[in-house]
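Peer 1: Supplied in C-alpha cells, the structure appears directly below.
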There are 2 protein chains.
Amino acid sequence: MMKNEYTPGEQRNFQTHFAALAGRVDTALEQLLPGEDTPPPVLHTAMRYSTLAGGKRLRPVLALAACEAVGGEVEQILPAACALELIHTYSLIHDDLPAMDNDDLRRGLPTCHIKFGEAMAILAGDALLTMAFELLSAPGLPVPPQRQLAVLHEVAVAAGSQGLVGGQVLDIQATGRETTPEELVDIHRRKTGMLIRAAVRLGAMLGGASSSQLAALTTYAEHFGLTFQIIDDILDITGDEQKLGKPVGSDQKNNKVTYVSLYGLEVARQKAQESRQQARAALADLGERAWFLRALVDFVISRDH
Amino acid sequence: MMKNEYTPGEQRNFQTHFAALAGRVDTALEQLLPGEDTPPPVLHTAMRYSTLAGGKRLRPVLALAACEAVGGEVEQILPAACALELIHTYSLIHDDLPAMDNDDLRRGLPTCHIKFGEAMAILAGDALLTMAFELLSAPGLPVPPQRQLAVLHEVAVAAGSQGLVGGQVLDIQATGRETTPEELVDIHRRKTGMLIRAAVRLGAMLGGASSSQLAALTTYAEHFGLTFQIIDDILDITGDEQKLGKPVGSDQKNNKVTYVSLYGLEVARQKAQESRQQARAALADLGERAWFLRALVDFVISRDH
C-alpha cells in the first residue's frame with residue numbers, strides 16, 4: 001500500500017466527491033444516449049450496453065475536476081465531458097474485436113461483439129465516436145463558439161490517426177517483438193495520454209481557464225497520464241481479477257511490452273511515484289480549488305496495493 | 001439512354017466543371033491526408049489508399065456546387081467539403097469488412113481489409129471518421145464560428161446512429177427478409193440521403209446562403225439523394241461491371257431489397273425521373289448560378305443507359 005499524502009478527512013471527501021462527479025456523468029450519459037426503443041433498437045441497445053456497463057468515468061471526471069479547479073460550473077459542460085467517455089468506450093469496443101485483441105470480457109461482462117455480434121460492435125463503436133462530436137458541437141456551453149471549436153479540434157486530434165487510433169496501431173505492431181523505452185512512451189502517449197490531456201484541457205478551457213492555468217493543468221495532465229499508464233501495467237501483473245473485471249496477465253499472454261516488462265516492478269513503481277509528484281507540483285499555483293485533482297493522482301497510485 | 005435536358009454546350013461545360021471541382025477535391029485530399037511516412041506509416045498508407053483510390057467525389061462536389069449556387073467562394077470551404085469524402089470512405093471501408101458485406105473489391109481495387117488486414121481496415125476507418133471532424137473544426141472558414149459549429153453538428157447527426165450508421169444496421173437487418181416500401185425509403189434516407197443532404201447544406205451554409213436559399217437547396221438535396229439511390233439500385237442490375245468497379249448483381253446476391261426488387265425496372269426508372277424533376281424545380285429561384293446543380297441531377301440519371 002502506497003502512502004497517501006492526503007489526510008483521512010480529505011480521503012473521505014475525495015471518495016464522496018469522486019462518486020458525486022462520476023454519478024453526474026452516469027446520469028448524463030443515461031439521458032444523452034438515445035433510448036433502447038430508438039430505431040434501430042439493437043444499435044442503441046449495444047451503444048448503451050457498452051457505455052453504461054460501468055467503468056470509473058475517469059476522463060469525464062478529469063474534465064469536470066479541471067473545470068472546478070479554475071472556478072467553472074460543471075453542470076453546463078457535462079455533455080462535452082460525456083463525449084470523452086463515448087470516445088473511450090468506442091475505442092474499447094473496437095480494441096476488443098476478434099481482429100484486434102479478441103477479448104471476451106470487459107468490466108466483468110461479455111464484450112460488445114460477444115453480446116451483439118461483430119458487425120453490431122463495429123457499428124456501435126462508429127456511432128459512439130460520431131455521437132461524441134455531436135455532443136461537442138451542441139449549443140449551451142458557457143464559452144464563445146470559437147473556444148468550443150478549439151476544444152472539439154483538440155479532442156479530434158487526440159482521438160485521431162496520430163493519437164488514440166495511431167497508438168492502437170503501434171501497440172499492435174509492437175506486440176511480440178523488441179520494443180525500446182522510447183517506443184513504449186510513444187505508444188502510451190498516443191493510446192492513453194493524449195485523450196487524458198484533452199480531457200483536462202477540455203474541462204479547463206470550457207471552465208474559463210486563463211492561459212497560465214491552462215498551461216499548469218496541461219502539465220498536470222501529462223504526468224497524470226503517465227502515472228495512470230504505469231499503474232495500469234502494474235495492475236495487469238499484480239491486480240485482482242475480480243476488481244479489474246478482466247483477466248490478469250493479459251498483457252503477458254499477448255506478449256505486450258509494458259512498463260513492468262521493460263523496467264521490472266520496482267522501477268516501474270518508482271517511475272509512477274516520480275510522475276505523481278510532478279503532477280501534484282504542477283498544481284501549486286491553483287491553490288485549494290485543485291484539491292481534488294491532487295487527490296485524484298494519489299488515488300491512481302493507491303489502486304496498486 | 002435518357003433524354004438530357006441540357007444542351008450539348010451545357011453538357012460540355014458540365015463535364016469540364018465537374019472535373020474541375022472533383023480535381024480540386026482530389027488535390028485537397030492529397031494534401032490534407034498525412035503522408036505515408038507519418039507514424040504510424042501503415043495506418044496513413046491505408047487511409048490514403050482507400051481515400052485516394054478514386055470515386056466520383058460526389059459529396060464534396062455537391063457541397064462546392066451548393067456553395068457556388070449561393071455565390072460563395074469554394075476555395076475556403078475545400079477542407080470542410082473533403083471531410084464529407086472522408087466520412088464516405090470510412091463508411092465504405094467498414095461496410096466492406098468480412099463481418100459486414102464481406103466485399104473484396106471496391107472501385108476495381110482490393111478493399112482495405114484485403115490489402116492491409118482487418119485490424120488496419122477497422123482502424124483506418126476510425127481514423128478517417130475522426131479526421132473528418134478535425135477538418136470540420138479547423139480555423140479558416142469565411143463564416144462565424146457559430147455557423148461552423150452548426151454545420152459540424154449537422155454532419156455528425158447525419159453520420160450517426162440515426163443517420164448513416166443506423167442505415168447500415170437497418171440494411172443488414174433487412175437483408176434476406178420481406179421489406180416494405182416505407183422501410184426501403186427509410187434505409188436509403190439514412191444510408192445515403194442524410195449525408196447528401198448534409199453535404200449540400202454544408203456548402204450552402206458555409207457559402208453564406210440566406211434562409212430561403214438554404215430551404216430551396218435542402219429540398220433539392222432530398223430529391224437528389226432519392227434519384228441517386230434509385231439509379232444506384234438500377235445500375236446494380238443493368239450496369240457495366242468495369243465502369244462500376246464492383247460486381248453487378250451484388251444486391252441480388254446478398255438478397256438486398258432495392259427499388260428494382262420492390263417496383264421492377266420500369267417503375268423504378270419513372271420514380272427516378274419524377275424525383276429528378278422535383279430536384280430541378282426546387283432550384284427555380286436560384287437562377288443561373290445553380291446551373292451546375294441542375295446538370296448534376298441530370299448526370300445522375302444519365303448514368304443509367
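Peer 1: Grab the other residues whose beta carbon is less than 12 angstrom from that of A:TYR220, score K and R as +1, D and E as -1, and report the net. Each step should come with its number before you reach the end.
Peer 2: Numbers: positive: A:ARG197, A:ARG201, A:ARG276, A:ARG280, A:ARG294; negative: A:GLU222, A:ASP285.
Counting the neighbours of A:TYR220, the net charge comes to +3.
Peer 1: With unit charges on the beta carbons (Lys and Arg positive, Asp and Glu negative) and the dipole taken about the Cα centre of the protein assembly as shown, which residue among B:SER210, B:ILE234, A:PHE133 sits farthest to the positive side?
Peer 2: Result: B:SER210.
Peer 1: So, with +1 on the Cβ of K and R and -1 on the Cβ of D and E, and no other charges, what is the size of the charge dipole of chain A about its Cα centre, to the nearest 20 debye?
Peer 2: For this selection, approximately 420 debye.
Peer 1: List the DSSP H helices in chain B whose Cα atoms stretch 27 Å or more along the helix axis and whose mean Kyte-Doolittle hydropathy is at least -1.0.
Peer 2: Going by DSSP H runs, the hits are B:8-32, B:74-95, B:118-136, B:211-238.
Peer 1: Then there's this: Skipping prolines and chain starts, which residues have an amide H placed within reach, meaning under 5 Å, of the one on B:LEU105, given they are 5 or more residues away or on another chain?
Peer 2: The answer is B:THR111.
Peer 1: Out of every Cα-Cα pair in the protein assembly as shown, what percent are more than 44 Å apart? Please list the in-between numbers first.
Peer 2: Numbers: 38610 of 185745 pairs.
Value for the protein assembly as shown (Cα pairs over 44 Å): 21 percent.
Peer 1: Right, next: Taking the Cα centre of each part, how many Å lie between segment B:272-300 and segment A:159-176?
Peer 2: Between the Cα centre of segment B:272-300 and that of segment A:159-176, the gap is 45 Å.
Peer 1: So for the pair B:ASN102, A:ILE237, with labels modelled 7 Å out along Cα→Cβ, what separation do we get in nm?
Peer 2: Once both label points are built, they end up 4.3 nm from each other.
Peer 1: Given R₀ = 30 Å, what would the calculated FRET efficiency be for A:GLN31 paired with B:GLN146, taking r from the Cβ atoms and rounding to 0.05? Walk me through the intermediate numbers first.
Peer 2: Values: r = 25 Å, r/R0 = 0.83.
After rounding to 0.05, the efficiency reads 0.75.
Peer 1: Taking 40 Å² as the minimum loss, tell me which residues in segment B:109-142 lose that much accessible area going from the chain by itself to the full protein complex (1.4 Å probe).
Peer 2: Relative to the lone chain, where solvent access is computed with a 1.4 Å probe, segment B:109-142 loses at least 40 Å² at B:ALA119, B:ILE122, B:LEU123, B:ASP126, B:LEU129, B:THR130, B:PHE133, B:GLU134, B:SER137.
Peer 1: Still on this structure, I have one more. How large is the dipole of the protein assembly as shown about the Cα centre if only Lys and Arg carry +1 and Asp and Glu carry -1, each at its Cβ, rounded to the nearest 20 debye?
Peer 2: On the way: 56 positive and 74 negative charges, 126 e Å.
So the magnitude is around 600 debye.
Peer 1: Can you give the percent of C-alpha pairs in chain A whose distance is more than 35 Å?
Peer 2: Working: 6892 of 46360 pairs.
Beyond 35 Å sits 15 percent of the P(r) for chain A.
Peer 1: Taking a probe of 1.4 Å, how large is the accessible area per residue of chain B, in Å²? All intermediate terms of the calculation are to be shown ahead of the outcome.
Peer 2: Numbers: 11630 Å² over 305 residues.
Spelled out: the 1.4 Å probe surface of chain B, per residue, equals 38 Å².
Peer 1: On to the next question. Within the accessible area of the protein assembly as shown, what % is carbon and sulfur when the probe is 1.4 Å and the other protein chains stay in place? Display every interim value, and only then the final one.
Peer 2: Numbers: 11830 of 23220 Å².
Carbon with sulfur: 51 percent of the solvent-accessible area.
Peer 1: So how much accessible area does A:TYR263 have, in Å² to the nearest 10, using a 1.4 Å probe?
Peer 2: 70
Peer 1: Interface A/B, total buried accessible area with a 1.4 Å probe, nearest 100 Å²?
Peer 2: Values: alone 13480 and 13530 Å², together 23220 Å².
When A and B are taken together, about 3800 Å² of accessible area is lost.
Peer 1: Mean shadow of segment A:92-139, computed from the convex hull of its alpha carbons, in nm²?
Peer 2: On the way: hull surface 14.4 nm².
Directional mean of the projected Cα hull area for segment A:92-139 stands at 3.6 nm².
Peer 1: Using a 7 Å offset from the Cα along the Cα-to-Cβ direction at both B:SER211 and B:GLU178, what is the distance between the two label points in nm, to one decimal?
Peer 2: 4.5
Peer 1: So which of B:LYS191/B:LYS271; A:LYS56/A:LYS256; A:LYS191/B:LYS256; A:LYS256/B:LYS191; B:LYS115/B:LYS256 end up more than 29 Å apart, counting from Cα to Cα?
Peer 2: Details: B:LYS191/B:LYS271 19 Å; A:LYS56/A:LYS256 24 Å; A:LYS191/B:LYS256 39 Å; A:LYS256/B:LYS191 39 Å; B:LYS115/B:LYS256 26 Å.
From B:LYS191/B:LYS271; A:LYS56/A:LYS256; A:LYS191/B:LYS256; A:LYS256/B:LYS191; B:LYS115/B:LYS256, over 29 Å: A:LYS191/B:LYS256; A:LYS256/B:LYS191.
Peer 1: If you put +1 on each Lys and Arg Cβ and -1 on each Asp and Glu Cβ, how big is the dipole of segment B:67-186 around its Cα centre, in Debye rounded to 20?
Peer 2: On the way: 5 positive and 18 negative charges, 63 e Å.
About 300 debye.
Peer 1: Now for a separate question. Run the Debye formula on the Cα coordinates of segment B:36-116, all scatterers equal and no solvent, and tell me log10 I(q)/I(0) at q = 0.13, 0.14, 0.22, 0.24 1/Å.
Peer 2: The Cα Debye sum returns log10 ratios of -0.49, -0.55, -1.00, -1.10.
Peer 1: What is the local net charge at A:SER161, summed over the other residues whose Cβ is closer than 11 Å to its Cβ (Lys, Arg +1; Asp, Glu -1)?
Peer 2: Its environment carries a net charge of 0.
Peer 1: Could you work out [θ]222 nm for the protein assembly as shown from helices alone, using -39500 (n - 2.57) per DSSP H run of at least four and dividing by all its residues? Round to the nearest 500 deg cm²/dmol.
Peer 2: Details: 32 runs with 425 residues, N = 610.
Per the formula, -22000 deg cm²/dmol.
The values are calculated or read from the model by the stated rules, or taken from the named source; none is laboratory data. In this text, all values refer to a predicted model and were calculated from it rather than measured experimentally. Quick reminder, even Gly has a Cβ in these numbers, built from the backbone with ideal geometry, and neighbours come from all protein chains shown. Please note that ligands, DNA and RNA were not included when accessible areas were found on the heavy atoms of the full protein model with its side chains. Shrake-Rupley method; radii C 1.70, N 1.55, O 1.52, S 1.80 Å.
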